[in-house]
Structure formats: C-alpha cells, structure tokens
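Report on the structure given below.
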Amino acid sequence: MKSIRKEATYPHPPERVWRALTDPGVLATWLMPSDIKAEVGHRFQFRTKPGPGFDGIIHCQILVADPPRQLVYSWGGGPTKGRPTRVEWSLSAVPGGTKLTLEHSGFEGISGLLLRTMLGRGWGHKLREARHFLAVLDRLAAEEASARR
C-alpha cells in the first residue's frame, strides 16, 4: 500500500467541514498554519516545527477545489520536496452529517515508507483519535449559532 486512507463521519454539514479544511485561521487550529486558498493553481505552505532533514515547510499547490465535495493538493517537504505526494479530501453528505475521507498518496521508496508510517499516525490522531477535528467543527457550529442570535 502506497497511500494513507482515513475515514470519519462527523455530525456536521459538508459546508462546515469544508470550512475547517480551507479557512486558514480554522485550519491552523487543528493542523498547521498555512496560507491556503481553495483555488486551483494556488500555491501555499504549511509551517511546522523543523526537524532533522526538514525545514518545517510543506510546499503545496491546489490541484482540485470542488466545494464542498473535494479538495486535492500536492504536498512536498523534507524527503518529498522533490517528489511531492498528493492529499485528497472527499466530503459526502450522509444522514446526520458528513463522511470525510482523506487519501494521502504517492509515497515512494524506503523514505516514502517511513514518511507514510509517520504521517499515517499523525492524520489518524488529528481526525479521529484525539478528536481535534470534531472539536473544531463543534466550535464552528457554536459560533454560527451565536451569530444567528
């Protein structure tokens, strides 16, 4: 397997989930600071703590932006800088919420195997295990409800 695949269902509409994936301020609260714009061709960066062989910058480019159904971008930094991988988010409306699927693909060679293992744990932690993403969605829902009052 040369990809990471994670799925989760959240009790929130696709538009709110899309916002958590594409709003730079919201994205920074659960993933990393970035200058993302969900426009095909837009180049952006995620920034995180540097480590051995990694300057802390992930270079990305939006490949597909179909709100609120699909977001795809390249992902290159550290060992993948010269051969970027691909991150694809798919959102499907389901009864009572949204099914979110992440597929991070394009890992090659030994370094790709190691990176895939490390990122697979990280993506799982962010989306499900620590409930980071759900907490962000719940906060957005509360803010939207408050704004309607």
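The values are calculated or read from the model by the stated rules, or taken from the named source; none is laboratory data. Given the structure is predicted, the values throughout are model-derived calculations rather than measurements. With ideal geometry, Cβ positions are generated from the backbone for all residues, glycine too; neighbour counts draw on all protein chains shown. When the accessible area is computed, the model is the full protein with side chains, heavy atoms only, and any ligands, DNA or RNA have been set aside. Shrake-Rupley method; radii C 1.70, N 1.55, O 1.52, S 1.80 Å.
Numerical summary
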quantity	calculated
Point-to-point label distance, Arg83-Ala135, nm (Cα→Cβ direction, 7 Å offset)	3.6 nm
Mean-position separation - Cα centroids, segment 1-46 and segment 79-149, in angstrom	7 Å
Protection proxy ranking of 64-75, 45-56 - average other beta-carbon atoms within 10 Å, highest first	64-75, 45-56
Helical segments meeting 24 Å axial Cα length and Kyte-Doolittle -0.5 threshold in the chain (DSSP H)	132-148
The chain, accessible surface, carbon-and-sulfur percent (1.4 angstrom probe)	55 percent
Average Cα contact separation per residue, the chain, under 8 Å, 6 or more apart, as relative contact order %	26 percent
Accessible area per residue, Å², segment 62-149 with all protein chains present, probe 1.4 Å	53 Å²
Loop-located GluC sites (Glu not before Pro) in segment 11-120, at most 16 other Cβ atoms within 10 Å (DSSP)	Glu39, Glu108
Among (1) 17.3; (2) 15.8; (3) 16.6, the entry that matches Kirkwood radius over Cα pairs in Å as calculated here	(2)
